[in-house]
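Asker: Below you'll find the structure I mean.
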Amino acid sequence: MLRFWRKSNTQNELPEVLGVTIGRAVTVDSISVKLLPKDSLIAVPQLTFSIVAQGHCDLGEQSHLHRFYPDDDSLLLQIQGGDGVADERIDEIMLWSYYDVQYPSTDRQWGEIRRSICQTTFSLSGPEGDVLFERAWFDSSDQPEEPMQYWESVSEDRSGRSGRRIFQSAMLFARELSDGKDEMLLVNMEEVQGSSERSVAYMLGRSLSQHELHI
């Protein structure tokens, strides 16, 4: 029987999650892309891409994020579940499309963006005007809420011995599309450890099922 989630052979080796890891090619089922409604802002420029970097976030309470960065830097594949070594569960698969990336040059700009993602709604500039998203995290609260914060370790080496750490402050928003499904907006504020580099990524995403991924 094919094991889609293989345990690491060495302690330092990056885990394979559903068979995905650095150096592997991933294909997204074309039907899932063709069925995106016209009011979706998600762009998937190619259905097959090679993974060139891999990230891991330990969220605590036995919750882990595994992120796979393709050679096409407009996409991100994210799998939430176990640790990829001993815990093999899969909770969620998301395909993210980078809508915009900004590089705030001042602390004031950085602070303004951070305050904006704490609110109950977020307005994104679309091709036909502003598009309103509602906060998906802390959705039962009508007050400003602090973003989720976590470290991501990213490696471009299959051994996992080298890489960089990125501190992230993130908030998740959502809006319902014409097909009745949600389009997600993740606003991710990123600060690279040991440098002054920081950026804000605006990513649009839809959930995928396991059968929509081919390795």
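Asker: Accessible area per residue, 1.4 Å probe, Å², for the stretch 62-141: what's the number?
Answerer: Numbers: 4250 Å² over 80 residues.
On a per-residue basis, the stretch 62-141 sits at 53 Å².
Asker: Only Cα pairs within less than 10 Å get springs; with that Gaussian network setup on the chain, which residue of LEU35, LEU18, LEU75 has the largest fluctuation?
Answerer: LEU35
Asker: What length, rounded to one decimal in nm, is gained on full extension from LYS38 through to SER209, with 0.36 nm per residue of separation minus their alpha-carbon distance?
Answerer: 59.4 nm
Asker: Between SER199 and GLU13, what is the FRET efficiency for a Förster distance of 30 Å, r being their Cβ-Cβ separation, to the nearest 0.05?
Answerer: So, using R0 = 30 Å, E works out to roughly 0.55.
Asker: Please give me, ordered by residue number, the GluC sites (Glu not before Pro) of the stretch 34-132 that lie in loop per DSSP and have at most 14 other Cβ atoms within 10 Å.
Answerer: Filter output for the stretch 34-132: GLU61, GLU128.
Asker: Report the full-extension gain for the segment SER178 to GLN149: residue separation times 0.36 nm, less the Cα-Cα distance, to one decimal in nm.
Answerer: 7.3 nm
Asker: For the chain, what is the calculated [θ] at 222 nm in deg cm²/dmol (nearest 500), taking -39500 (n - 2.57) for each run of four or more DSSP H residues and dividing by its residue count?
Answerer: Rounded to the nearest 500, it is -2000 deg cm²/dmol.
Asker: Could you please tell me the mean projected area of the C-alpha convex hull for the chain, averaged over all directions and given in square nanometres to one decimal?
Answerer: 13.0 nm²
Asker: Now, a different point. If you plug each phi of the stretch 73-80 into the Karplus form 6.51 cos²θ - 1.76 cosθ + 1.60 with θ = phi - 60°, what whole-Hz ³J(HN,Hα) values come out, in order, with x for Gly and Pro?
Answerer: For the stretch 73-80, the Karplus curve yields 6, 8, 10, 8, 9, 10, 10, 10 Hz.
Asker: Mind checking which of PRO127, PRO147, PRO104 has the largest fluctuation in a GNM of the chain, springs on alpha carbons under 10 Å?
Answerer: PRO127
Asker: While we're here: In the stretch 115-213, which trypsin sites (Lys or Arg not before Pro) fall in coil by DSSP and have 16 or fewer other Cβ atoms within 10 Å?
Answerer: ARG158, ARG161, LYS181
Asker: I've got another one for you. Using 0.36 nm times the number of residues separating GLU61 and LEU47, minus their current alpha carbon distance, what extension gain do you get?
Answerer: That pair, GLU61 and LEU47, stretches by 1.7 nm at full extension.
Asker: Oh, and also: Ordering TYR98, TYR150, TYR103 by how much accessible area each has at a 1.4 Å probe, largest first, what is the list?
Answerer: TYR103, TYR98, TYR150
The values are calculated or read from the model by the stated rules, or taken from the named source; none is laboratory data. Just so it is clear, the structure is predicted and the values come from calculations on it, not from any experiment. Positions of Cβ are backbone-derived with ideal geometry, glycine not excepted, and every protein chain shown enters the neighbour counts. The area values use the complete protein model at the heavy-atom level, side chains included, leaving out ligands, DNA and RNA. Shrake-Rupley method; radii C 1.70, N 1.55, O 1.52, S 1.80 Å.
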